[in-house]
Amino acid sequence: MQPQPLDDLVEAVLSRPDYHHISVDLVRWIGRQEIGKRRNLKEAVKFTRSRLHQIAAAYQEPRVEYGRWLEELSSLPHELDDPRLKDFCRRVMAHHASTRERLPILELFFNRTLSRIAPLHSILDIGCGMNPLALPWMPLAEDITYYGLDIYSDQAAFLNAFLSHTGVSGSVQVHNVLNGLPYNLPRTQVALLLKTLPCLEQLDKTISGRLLETIRASHLVISYPVHSLGGRSKGMLQNYQNHFDILAGQLGWTAERLEFQTELVFIVEL
């Protein structure tokens, strides 16, 4: 493939405000596939944007006010357990579909999924979205280090400012995990994949097993949505149960199953 059509596709996709801050590596990954399947560049750009919308933009509000949030954050206390900071975290998490769904059960969710692993000294959060803002509800050790991976550079910058403000070590980095995990990630106590695998599988149906095998963590917390973004269940609970059972069988895992009103969770000890 000549590089120029792919470069032109990436430039066209990133020119749209919805995709301006998205991982260039991910755009190239999808664009390379679409150029091979579509009749012309215009069509490849259209379908690349469509796939990015399905796995990313659909979960984000059109205009995310990171500047205003950073200004408000700068005036808030630094302690994770401070009520004013927690109120801020809740309000911001409401602007991302995935974390918004979890808000009604936030404390219950992290108590049931993480208390048996607590206190947490290190977390890897793959496809983190706004989940770093849920740290105040997690059973953390004082020396907690948090590593987040996602695909938006403006979101990562905001979340890194949050980590710095609250004195949490680690970082959120922009990374396309379809090409594997960053080579320099240390082993962590727990890896979170909260509603991440279904999005990845929309782009690569074989990604889950390959990705899960490479994670270096003592525990995995893997969750699946039980409703679509539109609120329909459509048999999702049973479908994802069956899907995970196949994965666990291939990997030789046993897992604890937890069911919440918003998602189905499996906890694996490695």
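Screening Ala156 against (1) in contact with a Gly (Cβ under 9 Å, 6 or more places away or on another chain); (2) crowded, with 22+ Cβ neighbours inside 10 Å; (3) touching a residue at least 24 places away in the same chain (Cβ under 8 Å) leaves a single unmet condition, (3). Of all residues in segment 111-121, those satisfying the criterion of being in a helix (DSSP H, G or I) and surrounded by fewer than 22 Cβ atoms within 10 Å (Cβ to Cβ) are Asn111, Arg112.
Yes/no matrix, rows are residues, columns are (1) assigned by TED's automatic domain parsing to the domain that holds Pro83; (2) closer than 20 Å to Ala97 by Cβ; (3) of a type in the set (A, V, I, L, M); (4) part of a strand (DSSP E or B):
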residue	(1), (2), (3), (4)
Ile123	yes, no, yes, yes
Leu133	yes, yes, yes, no
Thr145	yes, no, no, yes
Ala157	yes, no, yes, no
Ala161	yes, no, yes, no
His165	yes, no, no, no
Gly170	yes, no, no, yes
Gln173	yes, no, no, yes
Asn184	yes, no, no, no
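Taking the criterion of being at pLDDT below 75 and more than 15 Å from Met130 (Cβ to Cβ), the only residue of segment 46-62 that qualifies is Pro62. When Gly231 is tested against the conditions (1) modelled with pLDDT of 90 or more; (2) on the phi > 0 side of the Ramachandran plot, the lone failure is (1). Checking the condition touching a His at 6+ places or on another chain (Cβ under 7 Å) and outside any loop (DSSP other than H, G, I, E, B), which residue from Gln189, Gln238 passes? It is Gln189. Residues of segment 128-148 that are surrounded by fewer than 22 Cβ atoms within 10 Å (Cβ to Cβ) and within 18 Å of Cys199 (Cβ to Cβ): none at all.
Among the helices (runs of 4 or more DSSP H) confined to segment 1-88, the ones with at least 1 residues that are free of Cβ contacts under 8 Å to residues at least 60 places away in the same chain, of a type in the set (Asp, Glu) and surrounded by fewer than 16 Cβ atoms within 10 Å (Cβ to Cβ) are located at 3-14, 41-55, 66-74.
The values are calculated or read from the model by the stated rules, or taken from the named source; none is laboratory data. Please read all numbers here as calculations on a predicted model, not as lab measurements. Because the Cβ atoms are built from the backbone with ideal geometry, glycine has one as well, and the counts that use them run over all protein chains shown.
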